[in-house]
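Chemist: Can you keep this structure in mind? I'll have questions shortly.
The values are calculated or read from the model by the stated rules, or taken from the named source; none is laboratory data. Given the structure is predicted, the values throughout are model-derived calculations rather than measurements. Heads up, the Cβs are rebuilt from the backbone with ideal geometry, glycines too, and the neighbour counts pull from every protein chain shown.
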């Protein structure tokens, strides 16, 4: 029996809100949005816009808001399919949304602090810019995926595994790109790089998973 996602009303409101966010981003930053669509497999966007990055970038902030909403919805879909069907709960959604958004922002602030402490601000800023944009790109992809899974194709474990593999591949492409760009620095500090991966790239998402299932 196919599992049904309950309370599509709230999903609809959230999806419309995400669409409005993307519409604003596209209208205000038309050229940049067009370049962003070709992010994967093309370093043009990163090379052009990395030079103009700010501590708080409005374009990135809009796409980041969409990412957190889309990722939270996708998390609910996965929970319904892999663990147990649940009725949509706005309080729980806000908890997941806030937890995900806060963890990623705190990670970025810690990374910037470490960059300042070790006087590698330029390196860290470039890495954060690349990583953030690949996350935002995943958020862009998750929007139509969520729409299809909620309104057209009932999610199954196989479908979700395929989607998760695709999203992981995109994230991996961004990670490999960052490693290639900073290869010499990483090889010279391999121990610290591995320590960084465990502390700031793996541990926060384990904490998020624990938060979501409890």
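Chemist: Test residue 114 against the criterion of being within 27 Å of residue 37 (Cβ to Cβ), surrounded by fewer than 17 Cβ atoms within 10 Å (Cβ to Cβ) and at pLDDT below 90, and give yes or no.
Modeler: Considered against the rule, which asks whether it is within 27 Å of residue 37 (Cβ to Cβ), surrounded by fewer than 17 Cβ atoms within 10 Å (Cβ to Cβ) and at pLDDT below 90, residue 114 comes out as no.
Every residue, every condition in (1) closer than 27 Å to residue 169 by Cα; (2) surrounded by 13 or more Cβ atoms within 10 Å (Cβ to Cβ); (3) in contact with a strand residue (DSSP E or B) (Cβ under 6 Å, 6 or more places away or on another chain), yes or no:
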position: 12; (1), (2), (3): no, yes, no
position: 20; (1), (2), (3): no, no, no
position: 40; (1), (2), (3): yes, yes, no
position: 76; (1), (2), (3): yes, yes, no
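Chemist: With the structure loaded, tell me whether residue 96 is at pLDDT 90 or above, assigned to a helix (DSSP H, G or I) and in contact with a helix residue (DSSP H, G or I) (Cβ under 7 Å, 6 or more places away or on another chain) or whether it fails that test.
Modeler: Against the criterion (at pLDDT 90 or above, assigned to a helix (DSSP H, G or I) and in contact with a helix residue (DSSP H, G or I) (Cβ under 7 Å, 6 or more places away or on another chain)), residue 96 does not qualify.
Chemist: Tell me, please, whether a residue that is at pLDDT 85 or above, closer than 29 Å to residue 147 by Cα and crowded, with 19+ Cβ neighbours inside 10 Å can be found in region 50-58.
Modeler: No - not one qualifying residue is present in region 50-58.
Chemist: Next question, about the same structure. Considering only region 170-192, I want to know if a residue exists there that is outside any helix (DSSP H, G or I), modelled with pLDDT under 80, more than 24 Å from residue 25 (Cβ to Cβ) and under 22 Å from the mean Cα position of the chain (by Cα).
Modeler: yes
Chemist: Suppose we filter region 41-60 for residues that are under 14 Å from residue 123 (Cα atoms), assigned to a loop (DSSP other than H, G, I, E, B) and either in contact (Cβ under 8 Å) with a residue 40 or more places away in the chain or touching a helix residue (DSSP H, G or I) at 6+ places or on another chain (Cβ under 6 Å) (or both); how many remain?
Modeler: Adding up the residues that qualify gives 2.
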